[in-house]
Amino acid sequence: MRRIHVTAMARTPFGKFRGALAGFDAIELGSRLIDAVTARDPDREMRPEIVHGGAGLLGGAHLTTLRQSLIRSGLPDDTPSQGVDRACCSGMTAISAAAAHLRAGQGAKALAIGVESLSNTPVLLRRGSERKVNSLELIDPLLLSGSVSEKTIAHYTAEEALKYGVDRAQQDEWALASHERYFAAKRRGAFAAQIVPLSTRGAPLADDEGPREGSSPAKLAALPTVNGSATITAGNAPGLSDGAAGLVLVGSDAAEPVEGLAEIVDWVQLAGNLQTGTSIPAACILRLLDRNRLALEDVDVIEINEAFAATPLVSATVLAARLGADPASLRRRINAWGGAVAIGHPLGASGIRIVMQAIGRLHARGGGIALCAICGGFGQGEAVLLSL
């Protein structure tokens, strides 16, 4: 079986909604990311045969965002591309699709990228039900709702969290820790090798805009809940974000040595009831553990995307119950460098960002095994198993 190696990785800083990256649409962010990650490729003479990519909200309504990003980048125009649509899972799905392409022997090198420009997501103008020319209805996609449920994602996220005993106080506590862990890692230089600064109208942006110091349990507790949710606030959920992330993947025969940052061992995509968003990362992790005959104790690094603070909390609760682990100890192992509540959650990029963060953590500890999992809107989930 062919082995899949990550040989280069890069991401932009993650920008706040209408912040420093608002002047870049998804196409521009994608093209800059493609150029940045290919510039880090240790073997630039061997070009990628294909680019897989994802954007959570379909690239801000652009037609074939990935293809346009590729054309605007330095890659040859005859490089094919393939976009995926799995909401927040899209970036990680791009990794899985690229890895599957290489493992099947259809190429030797591929790019996996994810991009999001929520600042440039258009408001939709839908024709109303009346038979009138001026019967129009405004719809904002950033409310993150859908036609399959009258509830917002935040609404049913809180319902599932409370079902598992994860209350507002625990979610606020996790959110505060996410920022604290991020700044502790940043002071150690943990993100310096990941982030490629972007030139903006002002000074180049070299740092994530979302993380903030100086919060407290009292400040978080004072925030109102949002979108009809019982527990979700602006403090324990990520802000709307812009950003892009990408990996260079190389396939090799088992005996062929490759200088890589990490190896992608396995991956899984699952789906369930649309109200299982906070627990489905746990289901994905359980599937990979079982398929690869691993125990939780064999895993050195765990990353679970913080779509909400509730997500890693509920998934840790499920994993602990199923595997007989101590919940508090397990939670301390997840997102040790902070997560999306602090860093931000550009939907299509986050799945790649957490894989990059897991690789960074593996290098910091001298190697090991990592599991990365993410949920996507309406009951989707994905996970990737890495080794170094």
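The values are calculated or read from the model by the stated rules, or taken from the named source; none is laboratory data. Not measured: the values here are computed from a predicted model. Methodologically, a virtual Cβ is constructed for each residue, glycine included, from the backbone with ideal geometry; neighbour enumeration extends over all protein chains shown.
Some notes on this structure:
- Counted residues, region 77-97 - those being modelled with pLDDT of 95 or more and either in a loop (DSSP other than H, G, I, E, B) or touching a Pro at 6+ places or on another chain (Cβ under 7 Å) (or both): 4
- Contact map, region 148-165: first residue of a type in the set (Val, Ile, Thr), second residue loosely packed, with under 13 Cβ neighbours inside 10 Å, Cβ cut-off under 8 Å, separation 6 or more or different chains; pairs are Thr152/Leu143.
- On inspection, Asp41 qualifies as of a type in the set (Asp, Glu), in contact (Cβ under 8 Å) with a residue 60 or more places away in the chain, surrounded by fewer than 24 Cβ atoms within 10 Å (Cβ to Cβ) and closer than 25 Å to Ala358 by Cα.
- A count restricted to region 4-51 and to residues that are more than 30 Å from Ala237 (Cβ to Cβ) and within 18 Å of the chain's Cα centre (by Cα) stands at 2.
- Test: Gly107 is exposed (fewer than 15 other Cβ atoms within 10 Å of the Cβ), in contact with a helix residue (DSSP H, G or I) (Cβ under 7 Å, 6 or more places away or on another chain) and within 12 Å of Arg47 (Cα to Cα): no
- In region 227-259, the residues that are closer than 26 Å to Ile354 by Cα, of a type in the set (A, V, I, L, M), touching a strand residue (DSSP E or B) at 6+ places or on another chain (Cβ under 7 Å) and at pLDDT below 95: Val258
- Leading residue by the ranking (farthest from Leu63 (Cα to Cα)) among those in region 104-127 that are modelled with pLDDT of 90 or more and among the β-branched types (Val, Ile, Thr): Ile113
- Residue within region 53-70 that is without any contact (Cβ under 8 Å) to a residue 24 or more places away in the chain, surrounded by fewer than 23 Cβ atoms within 10 Å (Cβ to Cβ) and not in a loop (DSSP other than H, G, I, E, B) present: yes
- Screening the candidates Ser252, Ser229 for the property of being surrounded by 16 or more Cβ atoms within 10 Å (Cβ to Cβ) and farther than 30 Å from Leu66 by Cα yields one hit, Ser229.
- Scope region 1-20; condition more than 19 Å from Gly91 (Cα to Cα) and part of a loop (DSSP other than H, G, I, E, B); matching residues: Met1, Arg2, Phe17, Arg18, Gly19, Ala20
- Residue check, Gly344 touching a Cys at 6+ places or on another chain (Cβ under 7 Å) and of a type outside the set (S, T, N, Q): no
- Filtering Gly243, Gly189 for residues that are on the phi > 0 side of the Ramachandran plot and either surrounded by 14 or more Cβ atoms within 10 Å (Cβ to Cβ) or among the polar types (S, T, N, Q) (or both) leaves a single hit, Gly243.
- Top-ranked residue of region 264-307 - restricted to ones that are of a type in the set (S, T, N, Q) and under 15 Å from Val384 (Cα atoms), ranked as nearest to the chain's Cα centre (by Cα): Asn305
- Of the strands (runs of 3 or more DSSP E) that lie entirely inside region 276-388, not one contains 3 or more residues that are hydroxyl-bearing (Ser, Thr, Tyr), touching a residue at least 60 places away in the same chain (Cβ under 8 Å) and buried (at least 24 other Cβ atoms within 10 Å of the Cβ).
- Here Ala98 fits the description: within 19 Å of Arg44 (Cβ to Cβ), surrounded by 24 or more Cβ atoms within 10 Å (Cβ to Cβ), out of contact with any helix residue (DSSP H, G or I) (no Cβ under 7 Å at 6 or more places or on another chain) and not hydroxyl-bearing (Ser, Thr, Tyr).
- Checked against (1) at pLDDT below 95; (2) part of a helix (DSSP H, G or I); (3) closer than 24 Å to Ala193 by Cβ, Ile34 passes all but condition (1).
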